[in-house]
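> Take this structure, written in structure tokens, and hold onto it; I'll ask about it next.
Just so you know, all these numbers are worked out from the coordinates, no wet-lab data involved. These figures come from a predicted structure and were not determined experimentally. Reconstructed Cβ throughout: ideal geometry from the backbone, glycine too, with neighbour counts over all protein chains shown.
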Amino acid sequence: MTATQPPFSDEDRRFDGPGDVAHGELVFAAGDCASCHATPGQSDRLRLGGGMALASPFGTFRPPNISPDPVDGIGAWTVTDLANALIGGVSPKRQHYYPTFPYTSFTGMTAADVRDLHAYLRTLPKVSGRAPPHDPWILFGIRRSVGIWKLLYFRQGMTAAHLDGDPIHDRGAYLVETVSHCAECHSTRNAFGAIKSDTRFAGGIDPQGTGFVPNITQEKLRAWTENDIAEMLKTGLTPNHGRVGSSMAEVVTNTAMLPDSDRQAIARYIKALPPIATPHP
């Protein structure tokens, strides 16, 4: 029951076609991929050599090289390999990925977005060299143990998005809950690192345990309008004349690349989030 089960085979026809590179660039930006996978210590956010250290209560994890290098990156991956990683949390070597890779959110991605993202990634610079290995807590040093975690907390293909039939709201639901995986940072986690559903978007200690992530439900953003949120996602400016910082500044670098319609959709969905009190540290 803890063995890997890739959701897709190479014969799956849902991923046929060349992929739309321009749209794939937008998926890449919405997914905040460069923030984790860009090679540290250099300014080009499209050199995706990985290696940034992500501290957590479960050890130190390092995002891998996802450049199109065929040896050290993912240049040899098929679109099905990428789909299995994003939607199933399974590597081409049939290993479980640690959930520091947010496939728990990406699992709701559409086949078209995966195909387009794959096409875009293949256009980026090849980066040689592999990221240093993970240094997990001893229990998670055995990859098979991640299968137990998945049985408890991962529902492949499922999304937490709440749809209401409004195309703008529902587009925002897909972006916020799936591609942009906002809840992965803006929620509190239990002792096993899974999001506590009753704290979703209510903020709390960040996943690395080094700071505090703000509450983005109507408990704290009641006074913000949709336009305020959309403007923050474009410029980083808040309605009280402040500016977002820390990891959110990286997020804004990416959301600023999206079309106005997507930022407005994200804003509408966030404004619809019910108020939830911020958990005590």
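> So how much slack lies between A277 and H23, counting 0.36 nm per residue of separation and subtracting their Cα-Cα distance, in nm?
Full extension from A277 to H23 adds 87.8 nm.
> In a Debye calculation with equal point scatterers on the alpha-carbon sites of the stretch 13-153 and no solvent, what is log10 I(q)/I(0) at q = 0.10, 0.13, 0.21 Å⁻¹?
-0.32, -0.55, -1.43
> Where the only charges are on Cβ atoms (+1 Lys, Arg; -1 Asp, Glu), what is the dipole of the chain about its Cα centre, to the nearest 20 debye?
It works out to roughly 740 debye.
> Taking H as built 1.01 Å from N, whose amide H comes closer than 5 Å to the amide H of V213, not counting residues under 5 places away?
Distant-sequence amide H within range of V213: G204, I205, D206.
> OK, next. Say the dipole of the stretch 99-164 comes from +1 at the beta carbon of Lys and Arg and -1 at that of Asp and Glu; which of G129, T159, A119 then lies farthest toward its positive end?
G129
> Is there a quick way to get the dipole size of the stretch 167-271? I mean about its Cα centre, with the Cβ of Lys and Arg at +1 and of Asp and Glu at -1; what is the value in debye to the nearest 20?
So the dipole magnitude of the stretch 167-271 works out to roughly 160 debye.
> Can you give the direction-averaged projected area of the convex hull of the alpha-carbon atoms in the stretch 131-281, in nm²?
Over every viewing direction, the Cα hull of the stretch 131-281 projects on average to 10.5 nm².
> So which residue, out of I74, I205, I142, gets the largest mean-square fluctuation from a GNM of the chain using Cα contacts under 10 Å as springs?
Residue with maximal mean-square fluctuation among I74, I205, I142: I142.
> Which value results when the Cα radius of gyration for the stretch 82-178 is divided by 2.2 N^0.38 Å?
1.26
> How long are the three semi-axes of the equivalent ellipsoid of the stretch 183-270, in whole Å, if each is the root of 5 times an eigenvalue of the C-alpha gyration tensor, listed from largest down?
For the stretch 183-270, the ellipsoid semi-axes come out as 23, 14, 12 Å.
> Among A22, P99, T60, which residue has its Cα positioned farthest towards the positive end of the charge dipole of the stretch 1-123, with +1 placed on the Cβ of Lys and Arg, -1 on the Cβ of Asp and Glu, and the dipole taken about the Cα centre?
Farthest towards the positive pole: T60.
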